[in-house]
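Peer 1: Sending over a structure as structure tokens; questions will come in a sec.
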2 protein chains.
Amino acid sequence: MLQEIPARSGKALALEKGRAVKLVNTKGSQVVDTWALNRLDTSEYLSVEHTRRMLYRLFPEKGDMLYSNRRTPLLVLEDDTSPGQHDMLLACCDKWLYQHYGCAPGHANCRDNYLDALFAAGFDAHLVPNPLNLWMNIPVRDNRTIALDVPLSKPGDHVVLRALRDLVVVFSACPMDVTPINGADKTPQPVHYEILP
Amino acid sequence: MLQEIPARSGKALALEKGRAVKLVNTKGSQVVDTWALNRLDTSEYLSVEHTRRMLYRLFPEKGDMLYSNRRTPLLVLEDDTSPGQHDMLLACCDKWLYQHYGCAPGHANCRDNYLDALFAAGFDAHLVPNPLNLWMNIPVRDNRTIALDVPLSKPGDHVVLRALRDLVVVFSACPMDVTPINGADKTPQPVHYEILP
């Protein structure tokens with residue numbers, strides 16, 4: 001049964017080896033920053049800089065494994081109904097980014113969502129890895145420059161991530177409302193998930 | 001006066017705000033993994049995922065600022081005599097990579113060099129950020145795939161990095177001898193550095 005992650009908020013969930021989580025982009029325009037940690041030793045985490053190296057690719061595609069900072073496969077991107085544009089290049093939004101944009105202190109952000117969600121799940125985070133930013137559309141041009149663009153996904157698009165280890169998976173429905181990465185209307189939206197057998 | 005960093009080894013050095021370090025690729029073919037940390041609070045570090053976002057570019061160029069995980073400029077790439085191909089996409093080599101390649105345990109690697117050099121300088125590392133890989137030639141093709149290629153630098157090419165904060169800078173002369181990223185002969189070489197006023 002689908003559970004909601006409200007707009008601008010995060011959620012950490014235990015995902016046993018062999019199980020999968022289906023994440024639905026309910027409105028179609030919402031970026032979800034995604035982390036995964038080895039549940040028995042959270043110093044091992046999904047590392048985009050290791051995943052790029054193992055895939056020889058900037059971005060993941062359906063069927064790809066996602067690797068840890070110990071070069072161990074943690075997840076498989078088992079299904080993906082969207083055009084497959086996800087990002088592994090950019091840090092999550094944080095209080096310093098909103099300060100940079102002149103927002104008042106206290107703006108919701110993915111970094112705090114990550115820390116708070118992990119804390120609620122019983123873990124203390126010592127670092128914030130570069131997340132996998134699902135549906136985030138960061139086009140690379142001339143093999144050199146990057147831009148921030150609106151998602152290419154449609155309402156109801158979903159991904160399925162299957163665990164290859166016992167994991168904690170953290171999602172943050174990105175609160176960004178300054179740039180158009182959550183759609184041209186710059187309006188963060190809720191998303192939904194369910195654990196599959 | 002130039003100091004040597006022997007082949008396959010690392011060095012951490014204090015770099016005061018306003019000072020610069022000149023790093024010389026003595027043989028021309030050597031990749032140097034490079035980290036920088038705020039000396040007063042090492043939980044702030046040079047973050048390539050934040051730097052890409054602030055530069056809107058995959059790789060740094062002469063004149064660019066390099067940002068921390070708090071989106072603060074830590075360094076300026078003040079000079080660069082090479083063709084300017086440096087990497088910010090790949091994790092440093094580590095014991096798991098050499099295991100992946102079938103090497104015997106104990107192969108020198110940039111991750112251990114980083115941890116050991118920081119320890120020798122009086123710091124305990126709690127994480128290993130994705131480094132700036134100076135002279136590492138990771139061409140991006142079709143805005144999508146990446147490859148491992150030989151450096152484009154020549155003997156004596158150098159970079160100058162100027163500190164905008166009081167920093168600890170860590171260099172590792174990359175011990176990679178399996179792939180050609182340290183030249184077609186796959187032979188790690190020493191490099192040299194000096195602190196400039």
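The values are calculated or read from the model by the stated rules, or taken from the named source; none is laboratory data. Just so we're clear, the structure is a prediction, and the values are computed from it rather than from any experiment. Glycine gets a Cβ as well: all are built from the backbone with ideal geometry, and neighbour counts include every protein chain shown. Note: accessible area is taken over every heavy atom of the protein model, side chains too, but ligands, DNA and RNA are not part of it. Shrake-Rupley method; radii C 1.70, N 1.55, O 1.52, S 1.80 Å.
Peer 1: Tell me which residues, restricted to the range B:177-195, are open to solvent by less than 10 Å² (accessible area, probe 1.4 Å), outside any loop (DSSP other than H, G, I, E, B) and not aliphatic (A, V, I, L, M).
Peer 2: Residue satisfying the conditions is B:N182 alone.
Peer 1: Report yes if some residue within the range A:44-56 is open to solvent by 40 Å² or more (accessible area, probe 1.4 Å) and in contact (Cβ under 8 Å) with a residue 40 or more places away in the chain; otherwise report no.
Peer 2: no
Peer 1: What residue, among those in the range B:78-103 that are free of Cβ contacts under 8 Å to residues at least 12 places away in the same chain and either under 16 Å from B:T34 (Cα atoms) or facing chain A (nearest Cβ under 10 Å) (or both), is least open to solvent (accessible area, probe 1.4 Å)?
Peer 2: Across the range B:78-103, the extreme among qualifying residues is B:W96.
This table checks each residue for (1) at pLDDT below 95; (2) farther than 16 Å from B:S9 by Cα; (3) in contact with a Gly (Cβ under 7 Å, 6 or more places away or on another chain); (4) outside any loop (DSSP other than H, G, I, E, B).
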{"site": "B:A104", "(1), (2), (3), (4)": "no, yes, no, no"}
{"site": "B:G122", "(1), (2), (3), (4)": "no, yes, no, no"}
{"site": "B:H158", "(1), (2), (3), (4)": "no, yes, no, yes"}
{"site": "B:P175", "(1), (2), (3), (4)": "no, no, no, no"}
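Peer 1: Can you spot a residue in the range B:158-166 that is of a type in the set (D, E), more than 14 Å from the chain's Cα centre (by Cα), surrounded by fewer than 20 Cβ atoms within 10 Å (Cβ to Cβ) and under 17 Å from B:T42 (Cβ atoms)?
Peer 2: Scanning the range B:158-166 turns up at least one residue that is of a type in the set (D, E), more than 14 Å from the chain's Cα centre (by Cα), surrounded by fewer than 20 Cβ atoms within 10 Å (Cβ to Cβ) and under 17 Å from B:T42 (Cβ atoms).
Peer 1: Would you mind stating whether B:K27 is part of a loop (DSSP other than H, G, I, E, B) and either at pLDDT below 95 or away from chain A (no Cβ under 14 Å) (or both)?
Peer 2: yes
Peer 1: Would you point out which residue out of B:L132, B:L148 is surrounded by 18 or more Cβ atoms within 10 Å (Cβ to Cβ), among the aliphatic types (A, V, I, L, M), within 13 Å of chain A (Cβ to nearest Cβ) and under 18 Å from the mean Cα position of the chain (by Cα)?
Peer 2: Every option except B:L132 fails the conditions.
Peer 1: Go through (1) away from chain A (no Cβ under 14 Å); (2) farther than 20 Å from B:N137 by Cα; (3) open to solvent by 20 Å² or more (accessible area, probe 1.4 Å) one by one and return the number of the condition B:R8 breaks.
Peer 2: It is condition (2) that B:R8 fails.
Peer 1: List pairs: first in the range B:176-188 and closer than 19 Å to B:I5 by Cβ, second open to solvent by 10 Å² or more (accessible area, probe 1.4 Å) and β-branched (V, I, T), Cβ under 6 Å, 6+ apart or cross-chain?
Peer 2: B:G183/B:V150
Peer 1: Another one. If B:H126 satisfies all but one of (1) more than 9 Å from chain A (Cβ to nearest Cβ); (2) in contact (Cβ under 8 Å) with a residue 60 or more places away in the chain, what's the number of the condition it fails?
Peer 2: Status for B:H126: all satisfied but (1).
Peer 1: Separate question: Those residues that are open to solvent by less than 60 Å² (accessible area, probe 1.4 Å) and under 17 Å from A:N38 (Cβ atoms), I need them from the range A:109-129; list them, please.
Peer 2: A:Y114, A:A117, A:L118, A:A121, A:F123, A:A125, A:L127, A:V128, A:P129
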